[in-house]
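The values are calculated or read from the model by the stated rules, or taken from the named source; none is laboratory data. The shown structure was predicted, so the numbers you read here are calculated from the model rather than taken from an experiment. Neighbour counts are summed over all protein chains in view; Cβ atoms, including those assigned to glycine, are modelled from backbone coordinates with ideal geometry. Note: accessible area is taken over every heavy atom of the protein model, side chains too, but ligands, DNA and RNA are not part of it. Shrake-Rupley method; radii C 1.70, N 1.55, O 1.52, S 1.80 Å.
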Amino acid sequence: MFRIVLIIVITTAFLVQTFGAAKADKKTKKCDKIQKNFTKKCKNPCDENLSKKCRKLKKKLESKCKIVIDCSPPPPPPKKLAWPGDFRWSFAGDVAGYNCLKVEEPAEPASYTWGDNRFCWKTGMNDPGLRWSYAGPIAGMRCTRIFEPADPHTWADNYLCVPKNSDLVLSWSYAGPIPGEQGCIQWKEDADPHTWNDNYLCGHQAGFESHKPPAQWPQDFAWSFAGPLAGYTCLAIAEPAEPKSTTWGDNFFCVKSDKASPFMQWSFAGPIYDRKCTRILEPADPHTWTDNYLCVPNDSPLNFHWTFSTGGRKGQCIQWKEPADAAGTWLDNYLCM
């Protein structure tokens, strides 16, 4: 008797379960049909002027199939970061209200406190896709070399990278801000004695100064051996090994301020990574004029040629002259194009 009752209970449960599954399957198929019909006939389900048939189908979806058509407006896209105002440097850890990227060099001694250095950007904005590498440029990205020639702790292979499609174009300087850029942010580490007090990450966003006409060679450029020129944006041309008596501290290569910046950079420690560089050489000068370069972006129309003798001039030239450095024969040097 007990066995018969048990069989009846199990059979009943099975039938209920099977019937319930069949009913649910039938409902799913019916809802799928309604949804396909709605999608086919009602191209804009959130239109206030839906046809009577579409309104009926929509009501069925919501009431019988529990499928809610979300007609709320999409969230606004994140605000675009602006250079340099939405970025900042920190040598004391993460910054409240900012997303931060750790900037480290494992070869630095712990006492120089590079473990808490960060480059940051405001939260709630678009992600700039920044990445840091202390072991060479990152494949598939556009990288800027972060270099300090006075630091012995392997700073020759450190890079800050952005996606290749980024509108942010970065440049690095280990000797003060770069003139002509949209803005510069100082990277400072007081605990590191290797001249980390004059290093800057500079840059601009696509379209910067697009309202200005391009500078024309040679009429929009000028050399000065007596400080910056009024009405010009000037790039310091320095060689730290020069004695004060040769007065290289006030030498500048300039471009008119009403012309678009050519984004020139100067280096007294070799060519700049990912830039088109012209070697500025004076073999008669004993003060390390073998590793000095004037650089421009790779896509720049400026293709300079340098000569340290009058006879080597080609094209149109601007003389680079320093009367106080006659011993270094800086009386017959020309930048040409």
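What to note about this one:
- Proximal lysines to Lys256, defined as alpha-carbon separation beneath 17 angstrom and excluding residues fewer than eight positions away on the same chain: Lys212
- FRET E, pair Asp250, Arg88, Förster distance 45 Å, beta-carbon r, rounded to 0.05: 0.90
- 0 to 90° range, to nearest 10: angle between helix 2-41 axis and the chain longest Cα axis: 50 degrees
- Placing a label point 7 Å from the Cα of Asp167 along the Cα-to-Cβ line, the residues of the range 83-113 whose backbone N sits under 11 Å from it are 83.
- Surface calculation, 1.4 Å probe, protein heavy atoms: Arg88 sits at approximately 100 Å² accessible.
- For the set Met337, Met141, the ranking by accessible area, highest first and with no ligand, DNA or RNA atoms included, is Met337, Met141 under a 1.4 Å probe.
- Thr329/Met125 FRET efficiency (R0 45 Å; Cβ-Cβ; nearest 0.05): 0.30
- Simple label model, 7 Å out from Cα along Cβ direction - Asp190 to His153, nm: 1.7 nm
- 222 nm mean residue ellipticity, helices alone, for the chain (DSSP H n ≥ 4; -39,500 (n - 2.57); rounded to 500): -5500 deg cm²/dmol
- Residues Asp127, Asp157, sorted by accessible area with the largest first, give Asp127, Asp157 [1.4 Å probe; ligands and nucleic acids excluded].
- Helix 52-63 and the longest principal axis of the C-alpha atoms of the chain enclose an angle of approximately 80°.
- Dividing the mean sequence gap of close Cα pairs (under 8 Å, 6+ apart) by how many residues the range 257-312 holds gives a relative contact order of 37 percent.
- Across all directions, the average flat footprint of the convex hull enclosing the Cα atoms of the chain is 31.9 nm².
- Counting 0.36 nm for each residue step from Lys66 to Glu48 and taking away their Cα separation leaves a gain of 4.4 nm.
- Per-selection Kirkwood Rh - the range 162-209 (Cα, Å, 1 d.p.): 11.7 Å
- Compactness of the range 216-337 as Cα Rg over 2.2 N^0.38 Å, two decimals: 0.99
- Percent RCO, i.e. relative contact order, over the chain, from Cα pairs under 8 Å lying at least 6 residues apart: 10 percent
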